[in-house]
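One structure is given here, and the rest of the page talks about it.
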Amino acid sequence: DAGVTQSPTHLIKTRGQQVTLRCSPKSGHDTVSWYQQALGQGPQFIFQYYEEEERQRGNFPDRFSGHQFPNYSSELNVNALLLGDSALYLCASSLWDTEAFFGQGTRLTVV
Amino acid sequence: AQSVTQPDIHITVSEGASLELRCNYSYGATPYLFWYVQSPGQGLQLLLKYFSGDTLVQGIKGFEAEFKRSQSSFNLRKPSVHWSDAAEYFCAGSQGNLIFGKGTKLSVKP
C-alpha cells in the first residue's frame with residue numbers, strides 16, 4: 001500500500017498565477033481533506049471531499065477550490081496566488097470519520 | 001469556537017528522561033483526539049488516537065496518552081525519550097475535520 005501520495009513535492013509560482021496540487025488517497029479510503037501549514041504553525045483545514053462533493057469547508061477564500069474524482073483522488077486549486085499562500089499543503093485521506101492519514105505534502109513557494 | 005491548545009512551544013529533554021507534552025481542547029462535546037508527529041519538511045504521522053472507552057491509549061514508538069474529561073486534556077507521555085524522537089508534535093481534535101494545536105517542538109539532549 002503506497003499510502004497517501006501527493007504531487008508535486010515542491011513548486012515555485014509567481015504572484016497572480018494559478019496552481020493545482022494533486023492527491024491520491026490511501027487504498028480503501030473515500031474521504032480526502034486538504035490542510036495548509038504555514039511555517040511554524042499547525043495545519044489549518046481548507047476543505048474535505050466525500051463522494052465527489054465538498055462536505056466541509058474551513059475559513060479559506062473562494063480562491064481555494066477543489067475536486068474529487070470517481071477514483072477518490074483529489075485536486076486542490078488556488079487562483080490569483082498571493083505571497084501569503086506560500087506554505088506546505090497537506091492532503092489527508094480517511095474512511096469517513098475514522099483517523100486521517102497524511103501525505104508528505106507539497107511545498108508551495110509564491111514569489 | 002472549537003480549539004486545541006498546546007501550551008508549550010518548545011521542550012528540551014535529556015535522552016532517557018521521561019516526557020509529557022500537554023494538550024487541552026475546547027469543544028461542545030468530546031471530540032475524537034489525536035497526536036501526530038512531524039519531522040522537518042515532512043507530512044504528519046499518527047502516533048495514537050482516542051475515540052471512546054479506555055482513557056489511557058497506547059500508540060506507536062512507545063508513546064501513550066491519557067484522556068481526562070474533567071480537565072479537557074489529552075497529554076502525551078513517553079517513559080524514556082530517544083534522540084530519534086526529536087520532532088514537532090501536534091495534538092488535534094476532530095468532529096468531522098481536524099483542528100490542530102500550534103505544535104510543540106521537542107529537542108533531545110545527548
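The values are calculated or read from the model by the stated rules, or taken from the named source; none is laboratory data. Note that this is a predicted model, so its numbers are computed, not measured. When we count neighbours, we look across all protein chains shown, and the Cβ atoms used for this are built from the backbone with ideal geometry, even at glycine. Just so you know, the surface numbers come from the protein's heavy atoms only, side chains and all, with ligands and any DNA or RNA stripped out. Shrake-Rupley method; radii C 1.70, N 1.55, O 1.52, S 1.80 Å.
Here is the size of the protein assembly as shown from its Cα atoms: Rg then Dmax, 17.4, 51 Å.
For chain A, the ratio of Cα radius of gyration to the globular rule of thumb 2.2 N^0.38 Å stands at 0.99. Along the stretch A:56-70 the Karplus relation, 6.51 cos²θ - 1.76 cosθ + 1.60 evaluated at θ = phi - 60°, assigns HN-Hα couplings of 9, 9, x, 8, 10, x, 5, 4, 9, 9, x, 7, 10, 9, x Hz to successive residues, with x for each Gly and Pro. Put B:Lys105, A:Lys13, B:Lys78 in order of accessible area, highest first, and with a 1.4 Å probe you get B:Lys105, A:Lys13, B:Lys78.
With θ taken as phi - 60° and the Karplus curve 6.51 cos²θ - 1.76 cosθ + 1.60 applied, the whole-hertz 3J(HN,Hα) list for the stretch B:96-110 is x, 10, 7, 10, 9, x, 7, x, 10, 8, 9, 10, 10, 8, x Hz, x standing for glycine and proline. Our coupling estimate for the stretch B:20-30, obtained by passing each phi through the Karplus curve with A = 6.51, B = -1.76, C = 1.60 and θ = phi - 60°, is 9, 10, 8, 8, 10, 10, 10, 9, x, 10, 4 Hz, Gly and Pro reported as x.
Checked against a 26 Å cut-off, the cross-linked pairs B:Lys78/B:Lys105; A:Lys26/B:Lys105; B:Lys68/B:Lys109; A:Lys26/B:Lys68 give Cα-Cα distances beyond that limit for A:Lys26/B:Lys105; B:Lys68/B:Lys109; A:Lys26/B:Lys68. With the convex hull drawn over the C-alpha atoms of chain B, the volume per residue is 98 Å³.
Residues A:Leu21, B:Leu46, ordered by accessible area of protein heavy atoms at a 1.4 angstrom probe radius and largest first, appear as B:Leu46, A:Leu21. Rolling a 1.4 Å probe over the protein heavy atoms gives the protein assembly as shown an accessible area of 48 Å² per residue. Positive end of the dipole of chain A, charges at C-beta (+1 Lys, Arg; -1 Asp, Glu), about the Cα centre: which of A:Val111, A:Ser65, A:Leu88 has its Cα farthest in that direction? The one lying farthest along the dipole's positive direction is A:Val111.
Residues whose amide H falls under 5 Å from that of A:Ser86, counting only those 5 or more places apart or on a different chain, are A:Val110, with hydrogens built in the peptide plane. Provide the buried accessible surface between chains A and B in square angstrom, both chains summed, 1.4 Å probe, rounded to the nearest 100. Chains A and B together bury roughly 1500 Å² of accessible area. Averaging the sequence gap over all C-alpha pairs within less than 8 Å and six or more residues apart, then dividing by the number of residues, gives chain A a relative contact order of 37 percent. Put the Cα centre of the stretch B:51-76 next to the Cα centre of the stretch A:1-40 and the gap is 30 Å.
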